[in-house]
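Encoded as structure tokens, the structure appears first; notes follow it.
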Amino acid sequence: MENGCELQKETGSELVLCLESNALIHTVRELAETDSTNRVAKELAAGGASEGVLVVAEQQRNGRGRLGRSFFSPDGGIYMSLILRPRIPAEKAVLVTTCAAVAVARAIDRVCGCRTGIKWVNDIFVDGKKVCGILAEAGLSPESEHPDYIVLGIGINVRKQSVPEELKDIVGCLEENRTDTIKKEVLIAAVWEEFSELYQNLSTAVYMDEYRERSVLLGREVTVLAPEGNYKAVVTDIDQEGRLVILREGKSVLLSSGEVSVRL
Ligand code: BTN
């Protein structure tokens, strides 16, 4: 398939029925296959689509990850992106990611009966392995202090699939240690139910206490992967703006983006 090509599925599906009572989502575009649901949702948002349009793909061939990386998107996963138009200052856009992380963690716990952890800033872990990645991409307008739109993309590994050798110790899936089948529509609906509730209080970030409780980094020694060279530090807190507070050579430092690695 060429990049940008997509196949539309019929409407009135089981997923649409599961999302019917969701107050935030008014339109669901179900695709059998696409390159990236974030790419599709950004195109729709730039063309004027309103908040509450959800793009869901059965298969994703060129998933985008943070820091310009690609996102491993095996068949049997959940790939979806929601268009948002929050009235928050652009520098607070990271709150959409932290809010989504708590929502996904709660939804997975509820539907799958497990205890998820959050690795700053946007990874969801189960049993020491990443099962979900979140990528919020903002469309900025020079005339406004608010982002024009934010596309919130969520990818969850659900079914067991073969994982490339280099990802084997890092990437897991929700069905890894179970014999029953997780209903993807039910999990998708649970994610957006939790998110819709938390999103109402986005700017006050009341969910940050839960984010900290679920953090797999607090109190741990981590390696900060920095352009000027990696260094070791201890994570002491995550502040209300979602920044990581680290202790580096006795000094407290705030990290607002970037990557840290930890042995889980
Ligand atoms: C990361 O872990 O680096 C973030 C990954 C985000 C992946 C999701 S899958 C659905 C949506 N479409 C994309 O192309 N990316 C996001």
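Calculate the tail of P(r) for the range 47-108: the fraction of all Cα-Cα distances greater than 13 Å, expressed in %.
In whole percent, the long-distance tail amounts to 74.
Looking at the chain, identify the longest residue range that excludes and avoids all GluC sites (Glu not before Pro) in DSSP loops having at most 12 other Cβ atoms within 10 Å.
My reading of the result: 21-142 is the longest stretch.
What FRET efficiency comes out for residue 91 versus residue 178 if R0 is 30 angstrom and r is the Cβ-Cβ distance? Round to the nearest 0.05.
With a Förster radius of 30 Å, E is 0.15.
If I take R0 = 35 Å and measure r between the Cβ atoms of residue 248 and residue 169 in this structure, what FRET efficiency does the formula 1/(1 + (r/R0)^6) give, to the nearest 0.05?
E(calc), rounded to 0.05, equals 0.85.
Classify the range 1-123 as rounded, prolate or oblate from the Cα gyration tensor: take a ≥ b ≥ c as the square roots of its eigenvalues, call it rounded if a/c is under 1.5, otherwise prolate when a/b beats b/c and oblate if not.
rounded
Can you give the helix-only mean residue ellipticity at 222 nm for the chain, where every DSSP H stretch with n ≥ 4 adds -39500 (n - 2.57) and the sum goes over all residues, rounded to the nearest 500 deg cm²/dmol?
-6500 deg cm²/dmol
Can you figure out the FRET efficiency of residue 162 with residue 70, using R₀ = 25 Å and their beta-carbon distance, to the nearest 0.05?
That pair, residue 162 with residue 70, gives E of 0.90.
Quick check for me: using +1 on Lys/Arg Cβ and -1 on Asp/Glu Cβ, what's the dipole size of the range 193-246 about its Cα centre, in debye to the nearest 20?
Its charge dipole is roughly 320 debye.
At q = 0.15 Å⁻¹, what log₁₀ I(q)/I(0) does a Debye calculation on the Cα points of the range 102-188 give, no solvent, two decimals?
Taken in order of the listed q values, log10 I(q)/I(0) reads -0.62.
Using +1 on the beta carbon of Lys and Arg, -1 on that of Asp and Glu, and nothing else charged, what's the dipole of the range 154-232 about the Cα centre, debye to 20?
So the dipole magnitude of the range 154-232 works out to roughly 160 debye.
Project the alpha carbons of the chain onto their principal axes and report the range along each, largest first, in whole Å.
58, 51, 35
Report the full-extension gain for the segment residue 236 to residue 206: residue separation times 0.36 nm, less the Cα-Cα distance, to one decimal in nm.
8.9 nm
Rounded to the nearest 20 Debye, what is the dipole magnitude of the chain about its Cα centre when Lys and Arg each give +1 and Asp and Glu each give -1 at the C-beta?
For this selection, approximately 640 debye.
Along the principal axes of its C-alpha atoms, what lengths does the range 91-138 span, in descending order and rounded to whole Å?
Largest first, the range 91-138 extends 34, 18, 12 Å along its Cα principal axes.
Since every read-out is calculated from the coordinates, none of them should be taken as a lab result. None of these values were measured; they are calculated from a predicted model. So basically every Cβ, Gly included, is an ideal-geometry build from the backbone, and we count neighbours across all protein chains shown.
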